[in-house]
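Since the structure comes first, as structure tokens, the remarks are kept for the end.
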Amino acid sequence: MKIAVMQFPGTNCEHETLVAVKAVGMDGEIFRWNRSEGELSGFDGFFIPGGFSYQDRIRAGVIASKEPVMQALLEEAAKGKPIVGICNGFQILVESGLLPGTGKIDMALAQNVMVSKGKIVRRGYYCDWVNLRHDAPSKRCSGSFIMEQGSLLKIPIAHGEGNLVTTTPKLIERLNEQEQVVFRYCDRNGRVINEFPVNVNGSTQSIAAICNPEGNVLGMMPHPERSFFAWQLPSFDPRKQRPDAAGPGRRIFESVKRYIEVSA
Amino acid sequence: MNCMGATVVATADPLRFGDPFGPKANKVRWVAEGVVDGIWQYGNALGVPNMAGDIVFNESFDDNCLVNVVSLGIVRRDQIIRSRAPPAAGEGGYDVILIGKPTDSSGLGGVTFASEALREEDEETNRGAVQIPDPFLKNVLFKANDDLFRLVREEGIEIGFKDLGGGGFTCATSEMGAAGGFGMEINLDDLHKADDFPPEVLSIAETQERFLIVSPPELRERILKIYNEHWDLPNVYEGARASVVGKINTGDRFTVSHKGEIVCDVPIQHLTGGIRYQREEKARVIELTEPDIPEPADYNQVLLKILKSPNIASREHVYRYYDTEVMGNTVIRPGEADAGLIAPVRGENFGVALAVDSNPFYGRISPYWGGATAVAEAMRNVAAIGAVPSTVTDCLNYGNPEKPEAFWEFREGVKGLSQACKDLWLKGHMGQAVPIVSGNVSFYNESPQGSVDPSPVIACVGIIKDIGKAITQELKAAGDKLFLIGPRFDELGGSEYYKTIFNVTGANVPIVRFDLERNMIYAVIDAIDEGLLAAAHDISNGGLAATVSEMALTRPAKLGFEIDLEKALGIGASASMRTDKILFSESSGFVLEAKPGKEERLLEILRGYCLDPMEIGIVTKKRRIVMKRASETVADIDLDEARAAWTSGLAEAMR
Amino acid sequence: MSQKINLRVWLKIPDAEAATVKNTLARRFGYADILNDVKKERLFSIEVDCGDVEELARSFAKELVNENKESCKILIDELNFEEGYVPVKVSLKIEDGEAISTRERLRSRLGFTNVVDVKKATIWKLYLGGMDPELRAKKIAEELLINPHKDTFEITSRMG
């Protein structure tokens, strides 16, 4: 089982993403964007990690989405292979049309806006730990395959453009109906409160992650590779006291592995 | 740092801005906002986590803000790359290869630009003097450099590698050649450039994101391929590439040709030998007195005002712009404790701690104690999480060294910090000073209005063998006992209390009592190592009052506390010490939360280090800040009210 | 009587973003033969309800333009561009947080209470050869320069 961790100019998180991939027992390597596209078919799954590919020129993710390697990734997706885009990876998947998977560019991840009690209290880049609620059923999507619906994850975010918006009428309704909304921002009790600080970036309906209709492509703004080990957790989390234990983010990687196993 | 073959693993940003409520408030806030924007846009794109920092507002920085940055790297000792041209370079006629951004005229005279006292009328001539960094290109270059280092390690070949800093191309090339004992010939026609600039511009421009390699000709094709093909520099950034621009020779001259003519031909040592200046120093006459002030009637209001003041308030408003988690190494991030902590090597249990400090208000009173206390505080911060202070680096910011008083301030600061490093010696190595392994000096921080307060900014790096043992500062459990070590002396000179409540400086600056300081630092490290402490926080600006309050206010802010100030008067203290002095004296110390059942052993350790532990109070389930003196209540504040003040202070000062 | 101050701001130093747009259009979209160059400007449109517009414009320029790396041109109540390129004006159709921030900064921090509104846009200057450059520019805007779910664009008609 071999995973490709994609690397564009300006990608930042490839190394720790690869660490996570290997730590759950998958084989993996970092795949530089300008390698021969044909090589991609030799992999069983893909991660597009976070960072600032092409310095977010024009807007986050768009330049990377035009690279030939993304066309090849589209073909791998059509074969049903799992693709997980994290943060900038999610932005690249949206600009490539791979998410929400309607065949065109159907949404944007726009600038963060933090609204509290009707007032804008903050804007722009934000880094903090958030709580996510798994709003899809288990086995719905590759990256959350082993997770129960309603389960909670604590994972950090660090981004300036995670505000999911769309002008396509009824798109959000469709995503809800087809269980394509995979994670929402919530408080530590699992309650979705659609304002800052619980909705950390103003995203429509507190959406933090979505998948395509087939369920093999997942895009998420939070960074599971940064919550992979318990020792990475913030100080007030009781799990941190057992530093050798697994962190919540590990479940994303274990899910991809399980997904590949059952699809084989 | 990447040039040494190291991976950059963390940054810290000590910042100093002017008075956000003073006569230049608008300019100060505009500058502060711009600086923070610049730092997060750069650091986040670079992909290096911010793990520490501080912000100090002080009117002496009204016209001269200070932006220092510390970066931390990790490299295997046997994989360090050197900057000098390697021994075989002369005979081998090694290539000089320039990589990165195309050379342009930006930054021309940038290093010398800093020396002009800024006057508004001169703004026209200041234009074009600023360097334009590019974190995106740097990020790509770092990765390409990693491929280069891997190549030369596999081939077992030594190369020279250096980044281009002040003085541009000429400085770097001559330094590399001279350091190796060789000569160098350069052809400016082979330099990739943004335009057809004159040779002197090309030679000294300080275009950022460029590196220099000195390597054997056999590796040339593979090296060029890494940058120009694998990492596709020309398409990633307009005009960027790797170009062979010259050659090392066994002579002793530095020659540069341009358009068929020799434009420079000098002995190479000429360019690299520094000029030794003999500076005059003269002690600045500092006339400060202790103020005669009445005791406050309402300590609640005083405490709330201090918690809200820009120099005490939570820094969360700023560090939320910084990516503190990238690279996945972060164990303790800003806001959780006195120092940041990362675990930089997967599979290894050790952690590296980083803290930065310097109090310009102390420097104003005594440049010597300003230096010494900066070192002591940075070390206390590292010890507070359980790490051992292992090394120090500095950025020494002072005024114009050509003025004797400013030069005196600089020398006093250096004396202070070096004394502190010697007397707070390496734990376990008696008499071995904590080494200052690198550093930077920034002079000429002055304007016609005056010079900055002496600001020797210190960064302390610490090591903890097991990240599982590190602790943070927030209160952990109701019922836990709180201990104070470090007696309260009448040392409120330069204090937050004097400044914020009375707008005076005072004279009794906190000093470093070296034996006491060292014992406190070692004792805290040992106590944490033995698992006796639930939380620890060092005392610095704002005094005891701010320290204990911060422990309750730090997330998740679920608990309160109650302390008795009478108990904070230890052996030999005067029973008549004023309440406000006990609360706000900035004498060094720590507040420790003992784990239940561990108090006896803790006392044993503290006394073993000749300390006088004072049991000052208890952590409470009730979410209030309660400070008493014997049976009298001094302050009693609702935690959420205090939190509202503490979390809004910085945002208000920067709005 | 409301007036609009337009600040056209461009980089004096190399514009990496414009270079990338040109590069991407040439290599990935097949425009190499007909696209001669791409330049970029930022546009601030500041509406004021009173005051000496010329003087205000100069003050705003001092605040908003970084003289170390940018130049600017002030236009009052009109917006026109030079010959030789198609100007594509891109702005957010959702609420523009940065523009609101700038308005607040000018009003509260700097005391320009006569500032009614601030709008920000990016102007992509597409130097296109061949037939019907405006049609081509429209296509380029739709294919690359905007994401229609958050951005809108107009091909600003040229005068001048």
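Yes or no, residue by residue, for (1) in contact with a Phe, Trp or Tyr (Cβ under 9 Å, 6 or more places away or on another chain); (2) touching a residue at least 12 places away in the same chain (Cβ under 8 Å); (3) among the aromatic types (Phe, Trp, Tyr):
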position: C:Arg27; (1), (2), (3): no, no, no
position: C:Ile34; (1), (2), (3): no, yes, no
position: C:Phe44; (1), (2), (3): yes, yes, yes
position: C:Glu47; (1), (2), (3): no, yes, no
position: C:Cys50; (1), (2), (3): no, yes, no
position: C:Asn66; (1), (2), (3): no, no, no
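Rundown of residues vs (1) closer than 22 Å to A:Ile157 by Cβ; (2) in contact (Cβ under 8 Å) with a residue 40 or more places away in the chain, yes/no style:
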residue	(1), (2)
A:Lys2	no, yes
A:Val5	yes, yes
A:Glu14	yes, no
A:Lys22	no, no
A:Gly25	no, yes
A:Arg32	no, no
A:Ser36	no, no
A:Glu39	no, no
A:Gly42	no, yes
Residue hits (region A:53-110; within 14 Å of chain B (Cβ to nearest Cβ) and charged (D, E, K, R)) are A:Asp56, A:Arg57, A:Lys66, A:Glu67
Condition set closer than 17 Å to A:Arg242 by Cα and over 18 Å from the mean Cα position of the chain (by Cα), scope region B:331-345, selection surrounded by the fewest Cβ atoms within 10 Å (Cβ to Cβ): answer is B:Ala343
Filtering region A:198-224 down to residues that are aliphatic (A, V, I, L, M) and within 11 Å of another protein chain (Cβ to nearest Cβ) yields A:Val200
Exactly one of B:Phe561, B:Phe489, B:Phe514 is under 24 Å from B:Leu303 (Cβ atoms), surrounded by fewer than 24 Cβ atoms within 10 Å (Cβ to Cβ) and more than 14 Å from chain A (Cβ to nearest Cβ), and that one is B:Phe489
Out of (1) in a helix (DSSP H, G or I); (2) within 13 Å of another protein chain (Cβ to nearest Cβ), the one B:Leu303 does not meet is (2)
Scanning region B:1-38 for residues that are farther than 20 Å from B:Arg210 by Cα, part of a helix (DSSP H, G or I) and either among the aliphatic types (A, V, I, L, M) or within 12 Å of chain A (Cβ to nearest Cβ) (or both) gives B:Ala25, B:Val28, B:Val31, B:Ala32, B:Glu33, B:Val35, B:Val36, B:Asp37
Matching residues in region A:33-46 (in contact with a Phe, Trp or Tyr (Cβ under 9 Å, 6 or more places away or on another chain) and under 28 Å from A:Pro248 (Cα atoms)) number 3
(1) under 20 Å from A:Val192 (Cβ atoms); (2) outside any helix (DSSP H, G or I) all hold for A:Ile146 apart from (1)
Of (1) over 16 Å from the mean Cα position of the chain (by Cα); (2) not in a helix (DSSP H, G or I), A:Ile172 fails just (2)
Picked from region C:137-150 (must be in contact (Cβ under 8 Å) with a residue 12 or more places away in the chain and surrounded by 19 or more Cβ atoms within 10 Å (Cβ to Cβ)), the residue nearest to C:Tyr85 (Cα to Cα) is C:Ala137
Of the candidates C:Glu83, C:Glu67, C:Glu54, C:Glu41, the one satisfying the condition of being under 14 Å from the mean Cα position of the chain (by Cα) and acidic (Asp, Glu) is C:Glu41
In region A:225-246, anything within 7 Å of chain B (Cβ to nearest Cβ) and among the acidic types (Asp, Glu) is listed as A:Glu225
(message) When you scan region B:568-591, do you find a residue that is of a type in the set (D, E, K, R) and within 14 Å of chain A (Cβ to nearest Cβ), even just one?
(response) no
Of (1) outside any helix (DSSP H, G or I); (2) over 25 Å from B:Lys27 (Cβ atoms); (3) among the polar types (S, T, N, Q); (4) within 14 Å of chain B (Cβ to nearest Cβ), C:Thr24 fails just (1)
Within region C:99-121, restricting to residues that are within 14 Å of the chain's Cα centre (by Cα) and charged (D, E, K, R), the one that is surrounded by the most Cβ atoms within 10 Å (Cβ to Cβ) is C:Lys120
Filtering region A:111-131 down to residues that are small (Gly, Ala, Ser) and either outside any strand (DSSP E or B) or facing chain C (nearest Cβ under 9 Å) (or both) yields A:Gly118, A:Gly124
Selection over region C:136-152 where residues are over 17 Å from C:Arg28 (Cβ atoms), at the interface with chain A (Cβ under 8 Å from one of its Cβ atoms) and either over 17 Å from the mean Cα position of the chain (by Cα) or part of a helix (DSSP H, G or I) (or both) yields a count of 2
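Here, each number is a calculation from the coordinates, and none is a lab measurement. These numbers were taken from a predicted model, which means no experiment stands behind them. Using ideal geometry, Cβ is built from the backbone for each residue, glycine included, and neighbour counts are taken over all protein chains shown.
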